[in-house]
Amino acid sequence: MSALRVLLRALAPGMGVKRWLMLAALALFVFGMGLAIARHGEPLDVLRYPRAAVQGVRWMRPDLLANDGLALSLGLGLAVLGIGGFSFAASRLVQAMTLGSRSGVRRGSAATVSGLVDTVFRARALTQGPRIVAIGGGTGLSTMLRGLKHHTSNIVAVVTVTDDGGSSGKLQRQLNIPPPGDIRNCLVALADEEGTMTELLQYRFRGPGTGDGLRDHAVGNLLIAALNEISGGDFQQAVRQASRVLNIRGEVWPSTLTHVSLRGEMEDGSIVDGETSLAHSPLRIRRIRLVPGDVSAPTEVVEAIEKADVVVIGPGSVFTSVIPNLLVRGIPEALYRSRASKVYVCNVMTQPGETDGFSASDHLKAIEAHVPRPVVTHAIINTDVPTTKLLEKYRQTGSVLVAPDTDRVRALGYRPLPGSYISGTDVVRHDAGKLADAIIRLLAH
């Protein structure tokens, strides 16, 4: 990077540098003016301009400099003010420039001046990005967050807390805390750098010598549980502390801080309790409820939705990851009031026992059936087709490609956003970058 480019980028709007440079210059001027007054305007090369200002003061108020004691007091006072102002400006300037040390420039890396300026410039740009609220759970939400964090750091992830299986379920039952698994995945997805620390938090104890007490627990889940104890049972404070450990871009909130579970009414009228049981039931789900039914969202979640530029719902299991959030009092009401675009990201593949035979419009109908008023304006629908080999692999597990019936989606009153949104890997899932690009394009219109 050329010296001129470094300078121009450092002085770009939003970098927080120019204001402190100007304040430092003004503080030096005031300091010099104070010394000049204290010296009764006697010449001193480094005080040339402050001395000129003193001459102006002498012309306007000759009485101020006629009194030696007053001149000394005034001069020293201005000098102290100048030193204080310069120190404050210098500290804020250092703070602005060292933002990069918390946003990508780490010890041991090539933290050159140009690299630091680039990093700070990027971090500042992200802080001025659009306000996005992402609502969901499971791996779908964390996948999308990985793409969004490259466009903005003004992200609020609202995560379902009904997981009752695996490590999360064990900790929920043993420590009486909300299940931390989906929250952990979102924290890792929003981490500034997904390196060794994120690998550590995702690590699960599964070795042959692992005892039953630790088996299958993720380190990140244990960390959040420990921070919850340290925070005196304040679960959201524990999540904030974990966010600082990972230096995440945005915030992660549970959709409710009340302990809840899922209850499903099945196609034959039977009732199935618990997310894990619902996911493994061969019966089709007709309707989902929360137990207890009257729970509220944190005030911060409601405010974030109301202030958002765009709200993204999904992707994820429509009955067990998406709809549970919409059953929390405060969230559907805030969505209805919000003037933001509200985008539902439709799943790519159906889920056995949950959305067998579902098309894109069926997913939206399922959401409609669980909320009193519309909460979606747009729908991201994949129209790309994976390889025949991949489709056959999924068909053997009872999962098929979701039909992109965009005409029916439009007839329901939604604006479909069809396109290729899948990744070119050996699994059929959304591509984080493609989803994020589609959402940012929507904001541009």
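Taking (1) of a type outside the set (A, V, I, L, M, F, W, C); (2) at pLDDT 90 or above; (3) over 18 Å from the mean Cα position of the chain (by Cα) in turn, D212 satisfies each apart from (2).
Take the conditions (1) touching a Lys or Arg at 6+ places or on another chain (Cβ under 8 Å); (2) more than 22 Å from Q396 (Cα to Cα); V371 misses just one of them, which is (1).
Say whether the condition of being surrounded by fewer than 24 Cβ atoms within 10 Å (Cβ to Cβ) and either at pLDDT 95 or above or not assigned by TED's automatic domain parsing to the domain that holds V343 (or both) is met by at least one residue in region 156-171.
Scanning region 156-171, I find at least one residue that is surrounded by fewer than 24 Cβ atoms within 10 Å (Cβ to Cβ) and either at pLDDT 95 or above or not assigned by TED's automatic domain parsing to the domain that holds V343 (or both), so the answer is yes.
I'd like to know if region 413-428 contains one or more residues that are under 19 Å from G357 (Cα atoms) and surrounded by fewer than 19 Cβ atoms within 10 Å (Cβ to Cβ). No, region 413-428 contains no residue that is under 19 Å from G357 (Cα atoms) and surrounded by fewer than 19 Cβ atoms within 10 Å (Cβ to Cβ).
I422 falls short of the stated requirement of being closer than 23 Å to R146 by Cα and modelled with pLDDT of 95 or more. Of the residues V409, V343, V400, V385, the single one that is within 23 Å of E306 (Cα to Cα) and either crowded, with 17+ Cβ neighbours inside 10 Å or of a type outside the set (G, A, S) (or both) is V343.
On inspection, I367 passes the criterion of being touching a helix residue (DSSP H, G or I) at 6+ places or on another chain (Cβ under 8 Å) and under 25 Å from H280 (Cβ atoms).
For (1) over 19 Å from H363 (Cα atoms); (2) not polar (S, T, N, Q), each residue gets a yes or a no:
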{"position": "R286", "(1), (2)": "no, yes"}
{"position": "V291", "(1), (2)": "yes, yes"}
{"position": "V302", "(1), (2)": "yes, yes"}
{"position": "V310", "(1), (2)": "yes, yes"}
{"position": "I313", "(1), (2)": "no, yes"}
{"position": "S317", "(1), (2)": "no, no"}
{"position": "L326", "(1), (2)": "no, yes"}
{"position": "R329", "(1), (2)": "yes, yes"}
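Checking each residue in region 178-220 for being farther than 23 Å from G147 by Cα and touching a helix residue (DSSP H, G or I) at 6+ places or on another chain (Cβ under 6 Å) picks out P178, P179, D216, H217, A218, V219.
Among helices (runs of 4 or more DSSP H) entirely within region 184-272, having at least 2 residues that are farther than 26 Å from A134 by Cα singles out 219-230.
Candidates in region 290-330 are the residues that are surrounded by fewer than 24 Cβ atoms within 10 Å (Cβ to Cβ) and under 16 Å from E368 (Cβ atoms); of these, the one that is nearest to the chain's Cα centre (by Cα) is L326.
The values are calculated or read from the model by the stated rules, or taken from the named source; none is laboratory data. This structure is a prediction, so every number in the text was calculated from the model and none was measured. A quick note on method: Cβ atoms are made from the backbone with ideal geometry, for glycine too, and the neighbour counts reach across all protein chains shown.
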